[in-house]
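K.L.:
To start, I am sharing the structure in question, which I have written as structure tokens.
The values are calculated or read from the model by the stated rules, or taken from the named source; none is laboratory data. The structure presented is a predicted model; accordingly, all values stated were derived computationally and were not measured. Glycine also receives a Cβ, built like all others from the backbone with ideal geometry; neighbour counts cover every protein chain displayed.
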Amino acid sequence: MQLRARRRRRNTIIGATLGTAAVLAGLIFLIVDLTGGSSKSKVTATSSVSPSASASAPAAPTKCATIKPNPPAKGDPKVPDVTGPAPTKLVVKDLKVGKGAAAKAGQTLTVNYVGVSCSSGTAFDASFPRHQTFPFKLGAGQVIKGWDQGLVGMKVGGERELVIPASLGYGAAGSGTIKGNETLIFVVDLVKIG
């Protein structure tokens, strides 16, 4: 009788140990599978996701629409129409040259701006009608790359047009009312440096 009881206890312990090991192995497999496993698996997973993500994002505009209304809102500056094909590289154009020292990375800039979607020609945001300037640190990644690159060298009192391709704007994902792969047109007035 004691021998049989010992065997049962031993089998129970062995069974519990094997069951626990099986559950742990299953959890480890599940965690590895969910986190992507090896770097080879991650590349495959990323590759399989990217086509569907890019397929759902709209194509970049090939030509910019006429700006309407222009100026987009009361108190906003006139936004020049972008003629020809929509640019694939950053376009920087001074509409009015300011005075004093040129803005450089690391400085805090205070600006007024209006932003227009290339594909629709309509404004999606503007600080002018709110009478609320926008401060940010240039080159610190607080704004889109097109601003960090395109506002370098600007002087106080200046007005600059930036035509920003999606790669330097909000990319394929877009942001809020800005659709994916959108080319952006900004007119920015530099109010203050520092």
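K.L.:
For the stretch 169-183, state whether one or more residues are within 24 Å of Pro72 (Cα to Cα), of a type outside the set (Asp, Glu) and either in a strand (DSSP E or B) or more than 20 Å from the chain's Cα centre (by Cα) (or both).
P.N.:
Within the stretch 169-183, one or more residues are within 24 Å of Pro72 (Cα to Cα), of a type outside the set (Asp, Glu) and either in a strand (DSSP E or B) or more than 20 Å from the chain's Cα centre (by Cα) (or both).
K.L.:
Oh, and also: Take Tyr170 and decide whether it is over 17 Å from Ala86 (Cβ atoms) and of a type in the set (Ser, Thr, Tyr).
P.N.:
no
K.L.:
Note down all Cβ pairs under 6 Å where the first residue falls in the stretch 138-160 and is free of Cβ contacts under 8 Å to residues at least 12 places away in the same chain and closer than 10 Å to Ala105 by Cβ, the second is crowded, with 18+ Cβ neighbours inside 10 Å and among the basic types (Lys, Arg), and they're at least six residues apart or on different chains.
P.N.:
Close Cβ pairs satisfying both conditions: none exist.
K.L.:
Please pick out the residue among Ala86, Ala73, Ala105, Ala101 that is at pLDDT 85 or above, touching a strand residue (DSSP E or B) at 6+ places or on another chain (Cβ under 7 Å), exposed (fewer than 13 other Cβ atoms within 10 Å of the Cβ) and of a type in the set (A, V, I, L, M).
P.N.:
Result: Ala101 is the single residue among Ala86, Ala73, Ala105, Ala101 that is at pLDDT 85 or above, touching a strand residue (DSSP E or B) at 6+ places or on another chain (Cβ under 7 Å), exposed (fewer than 13 other Cβ atoms within 10 Å of the Cβ) and of a type in the set (A, V, I, L, M).
K.L.:
Okay, moving on. List the residue pairs whose Cβ atoms are under 6 Å apart, where the first residue sits in the stretch 96-116 and is in contact (Cβ under 8 Å) with a residue 24 or more places away in the chain, the second is hydroxyl-bearing (Ser, Thr, Tyr), and the two are 6 or more positions apart or on different chains.
P.N.:
Thr110/Thr133; Asn112/Ser127; Asn112/Thr133; Tyr113/Ser127
K.L.:
Inside the stretch 168-194, can you point out the residues that are touching a residue at least 60 places away in the same chain (Cβ under 8 Å) and in contact with a helix residue (DSSP H, G or I) (Cβ under 9 Å, 6 or more places away or on another chain)?
P.N.:
Leu168, Ala172, Ala173, Gly174, Gly180, Asn181, Glu182, Thr183, Leu184, Phe186, Val188, listed by residue number.
K.L.:
May I ask you to list the residues in the stretch 124-162 that are under 26 Å from Val82 (Cα atoms) and aliphatic (A, V, I, L, M)?
P.N.:
Ala126, Leu138, Val143, Ile144, Leu151, Val152, Met154, Val156, Leu162
K.L.:
Looking at (1) over 20 Å from the mean Cα position of the chain (by Cα); (2) buried (at least 16 other Cβ atoms within 10 Å of the Cβ), which is the one condition that is false for Pro129?
P.N.:
(2)
K.L.:
Let me ask another. Return a yes/no flag: does the stretch 145-155 have any residue that is surrounded by fewer than 17 Cβ atoms within 10 Å (Cβ to Cβ), of a type outside the set (Val, Ile, Thr), touching a Lys or Arg at 6+ places or on another chain (Cβ under 9 Å) and closer than 21 Å to Val91 by Cβ.
P.N.:
Yes, there is a match, as at least one residue in the stretch 145-155 is surrounded by fewer than 17 Cβ atoms within 10 Å (Cβ to Cβ), of a type outside the set (Val, Ile, Thr), touching a Lys or Arg at 6+ places or on another chain (Cβ under 9 Å) and closer than 21 Å to Val91 by Cβ.
K.L.:
Please verify whether Gly75 is out of contact with any helix residue (DSSP H, G or I) (no Cβ under 9 Å at 6 or more places or on another chain), in a loop (DSSP other than H, G, I, E, B), over 24 Å from Ser175 (Cα atoms) and assigned by TED's automatic domain parsing to the domain that holds Ser175, treating the condition exactly as stated.
P.N.:
no
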